[in-house]
């Protein structure tokens, strides 16, 4: 999924009027799930009188919707529609949109408004290149400090991935597959690495939604399982190789000559 606040294994919980999700495109896109996520903002207590908390709630909800592919690249995020949905002023919506633009999840265009970011082919390739470099070293470091408890945690995570895949739970699967990589950094106790990975994975989610081939086989959770086996065996060379190949497979499943999907939120809600 960007993260303007400290990453943690938090839970996005509905509260107050936000619990009533309207039966529109936006309501469905911003629907709440009870699954934990390490690449969404940590949920802070929501109080209507606290502007910073309200803004954070909007940022959290939009980030989750974008990362889980419920808001598509190119979607126009109309300020008044969002203000009406969240029951807040347009000023708070603007603050949230500005934060998301800093995280590269949306773009702000003068006189046109805010749109879910649509990464270019070059940007998508660059993001995956950075991930390969970063995660290869993370994998080496993980092997050096691996423990049975860490392996158990990763195996449990892979089991949840498989359940989501088997149940055709697309949002849950997307969330968990991205979480695997951030979970490794979290288990190492490296919050900075977890935050960096979270931001990169958020941008990868946009790229995969725009360019992923419909015929591409989805073996990410199986590859995660093989990576965990190598980590458990403390086979550093194989673990690094599997991680690099896994990320390369994800990138190779993208079809960069495919026309990006566009969805105008204002039209969807009209």
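The values are calculated or read from the model by the stated rules, or taken from the named source; none is laboratory data. As the structure is a prediction and not an experimental result, all values here were calculated from the model. So basically every Cβ, Gly included, is an ideal-geometry build from the backbone, and we count neighbours across all protein chains shown.
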Handout entry: Residues of the range 117-126 classified as crowded, with 16+ Cβ neighbours inside 10 Å and at pLDDT 90 or above, total
Key = 0
Handout entry: Failed condition for residue 173, given (1) surrounded by 19 or more Cβ atoms within 10 Å (Cβ to Cβ); (2) under 19 Å from residue 254 (Cβ atoms); (3) at pLDDT 90 or above
Key = (3)
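Among 93, 146, 88, which is surrounded by 19 or more Cβ atoms within 10 Å (Cβ to Cβ), in contact with a helix residue (DSSP H, G or I) (Cβ under 9 Å, 6 or more places away or on another chain), more than 27 Å from residue 253 (Cβ to Cβ) and not assigned by TED's automatic domain parsing to the domain that holds residue 66?
146
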Practice task
Could you look through the range 119-154, keep only residues that are within 28 Å of residue 96 (Cβ to Cβ) and in a loop (DSSP other than H, G, I, E, B), and pick out the one that is nearest to the chain's Cα centre (by Cα)?
Solution key: 119
Fill in the blank from the handout: Sole miss for residue 131 among (1) at pLDDT 90 or above; (2) surrounded by 20 or more Cβ atoms within 10 Å (Cβ to Cβ); (3) not assigned by TED's automatic domain parsing to the domain that holds residue 201 is condition (3)
Problem - Unmet requirement for residue 56, which otherwise passes all of (1) modelled with pLDDT of 90 or more; (2) farther than 21 Å from residue 204 by Cβ - result: (1)
Handout entry: Cβ-Cβ under 6 Å pairs, at least 6 apart or on other chains, the range 194-217 side in the same structural domain as residue 248 (by TED's automatic domain parsing) and buried (at least 20 other Cβ atoms within 10 Å of the Cβ), far side assigned to a helix (DSSP H, G or I) and at pLDDT below 75
Key = 202/67; 205/67
